[in-house]
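S.K.: Here it is, the structure, as structure tokens.
The values are calculated or read from the model by the stated rules, or taken from the named source; none is laboratory data. If you're wondering where the values come from, they're calculated on a predicted model, not measured in any experiment. Heads up, the Cβs are rebuilt from the backbone with ideal geometry, glycines too, and the neighbour counts pull from every protein chain shown.
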Amino acid sequence: MPVGNVPIVNIVLDWVFDAGLTDVLILVPPESEAAISEHLQLEYSSNNKLHITLKNYTDGEDDEDEEDNEKIGTARLLKQFRSYIKPTESVKDSEEKLLVATDKETDELLLIEPLETLEEDFSVRMSLLESHPSLSLSTRLLDAHVYVFRRTVLDLLATRRGRDLSSVREQFVPWLVKGAWQEGLGHRWAPSECRALLRSTATSYKQARAIEELSAPSSVLSDHTPLPSGITDGEELADFKANVTRGGKSARRRREPIPFTCRVIIHRPEVPEVPEKGKKSTAPEPEYIIRANSLPGYWEVNRRVVRNLAAQHAAAQAGNSKGVHSTPLSHQPQQPSGPADEISASAQISPDSLVGEGSRVGDRASIKKCIVGRHCNIGRGAKLTNCVLWDWVTVEENARLENVILCPHVRIGEKANIKDCEFGPGFEAKPGDTIKGERLIAGQEA
């Protein structure tokens, strides 16, 4: 799926690689694996430093069979991500409303719950209020679905049965967040956390052993992690004795906080400045985060691209070379000039439009505030306004399109009038058709 004529997978991968990560696992449905694999080979195979692995998943796997597949090993962890890509019964056109609790002073994430799952009354634990007096509750935050875990979190993930934990977003993240402040839950994790911390260069051996001593004896994991090199049995015994109180009770009885937290980065877009009277604002929009997992979201992110094109053009006209503002979508290519015989001299293409390579635009065609993909054919006298065309779309002569999304290989017949529509791959609108407010795929009729 493209945004500004750039596949979204490219935008995400470029962002990840720019952050310094070079080893990426992508989960894809089986029917898309070949196409995505071919695309990634063309785009990234020349860079030997990058390592991209594709794994397909199969719908309909029964979670009840998890216990019978214990011998599969860590590959079972891949099943935790199926909820991201399972088809749902209905498409949500709006973002999920969430109740988010944070600590205003430390930016610690304390709670994340969908509003639809909450009752009329909402209770907060006293222990949470005591440990975080600066707690703040908000329903105005949206989840960007970007999570950064330490590698050792996988050890903790492995302690849960697959049928008890099928969604990273809906189950694992809230569970992990609660464990950072909920005493009983955190201490049940301690052995796994201790083994992770023993391998961590950021945690001392004594701190890790103290965490293990604080843990409950009835842990899910009972295997013992070998001592790090350089720690003798005598030092271990001395360390244990140091933690024994005068009353003969070990540090295991003392309840101390588990030393890990979950933090959140809250992105608040800047409010654009109001231009003076009689003057148009040429400043580009501030950075933003938008999810394109719904039609309204996809529309909005493409409109932002179009507006950025207009701002870039205005800044260039004003001679301000510093006017271009980098956004997460700054990977998009500039509007190509293309061969002279591909775009007619009499065609009108506004500066806030983008036309992909290999596309043809006929005589007296008009394109305003549109994103036209590669290898599209826009016929003579056609008029397009506020449209998003993917690759290989054909719009025949004198057709009128306004506020439409056309997927690959869509054909719009001569003199057709299409408004406020979304057409799936292969759909054909017959010559002279008038269609308004429809979502159609190949084989359907308005």
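S.K.: So, in the stretch 410-426, how many residues would count as being outside any strand (DSSP E or B) and modelled with pLDDT of 95 or more?
M.R.: Taking the stretch 410-426 as the starting set, the residues that turn out to be outside any strand (DSSP E or B) are 410, 413-416, 424-426.
Narrowing the set further to residues that are modelled with pLDDT of 95 or more leaves 410, 413-416.
Qualifying residue count for the region: 5.
S.K.: Hey, another quick one. On the basis of being at pLDDT 85 or above and surrounded by 11 or more Cβ atoms within 10 Å (Cβ to Cβ), does LEU129 make the cut? Working first, answer last.
M.R.: Numbers: at pLDDT 85 or above: yes; surrounded by 11 or more Cβ atoms within 10 Å (Cβ to Cβ): no.
Answer is no for this residue.
S.K.: Is there a residue being outside any loop (DSSP other than H, G, I, E, B), closer than 16 Å to PRO174 by Cβ, in contact with a strand residue (DSSP E or B) (Cβ under 9 Å, 6 or more places away or on another chain) and among the acidic types (Asp, Glu) anywhere in the stretch 110-126?
M.R.: Yes: one or more hits.
S.K.: Which residue pairs have Cβ atoms closer than 7 Å, lie 6 or more positions apart in sequence or on different chains, and pair a first residue in the stretch 168-182 that is small (Gly, Ala, Ser) with a second residue that is part of a helix (DSSP H, G or I)?
M.R.: Close Cβ pairs (under 7 Å, with a partner that is part of a helix (DSSP H, G or I)) amount to GLY179/LEU185; GLY179/GLY186; GLY179/TRP189; ALA180/GLY186.
S.K.: Restricting the stretch 1-29 to residues that are among the small types (Gly, Ala, Ser) and without any contact (Cβ under 8 Å) to a residue 40 or more places away in the chain, which is surrounded by the fewest Cβ atoms within 10 Å (Cβ to Cβ)? Show your work before the answer.
M.R.: Within the stretch 1-29, the subset among the small types (Gly, Ala, Ser) is 4, 19-20.
If we keep only those that are without any contact (Cβ under 8 Å) to a residue 40 or more places away in the chain as well, we get 19-20.
Values: ALA19: 9, GLY20: 6.
Step by step, filter the stretch 1-29, then rank; the result is GLY20.
S.K.: Taking ARG360, is it among the charged types (D, E, K, R) and buried (at least 19 other Cβ atoms within 10 Å of the Cβ)?
M.R.: Details: among the charged types (D, E, K, R): yes; buried (at least 19 other Cβ atoms within 10 Å of the Cβ): yes.
Judged against the criteria, ARG360 is a match.
S.K.: Considering only the stretch 343-357, state which residues are of a type in the set (A, V, I, L, M), buried (at least 16 other Cβ atoms within 10 Å of the Cβ) and out of contact with any Leu (no Cβ under 9 Å at 6 or more places or on another chain). Full working, then the answer.
M.R.: First, pick out the residues of the stretch 343-357 that are of a type in the set (A, V, I, L, M): 343, 345, 347, 349, 354-355.
Next, from what is left, pick out any that are buried (at least 16 other Cβ atoms within 10 Å of the Cβ): 343, 347, 349, 354-355.
ILE343, ALA347, ILE349, VAL355 - these are the residues of the stretch 343-357 that are of a type in the set (A, V, I, L, M), buried (at least 16 other Cβ atoms within 10 Å of the Cβ) and out of contact with any Leu (no Cβ under 9 Å at 6 or more places or on another chain).
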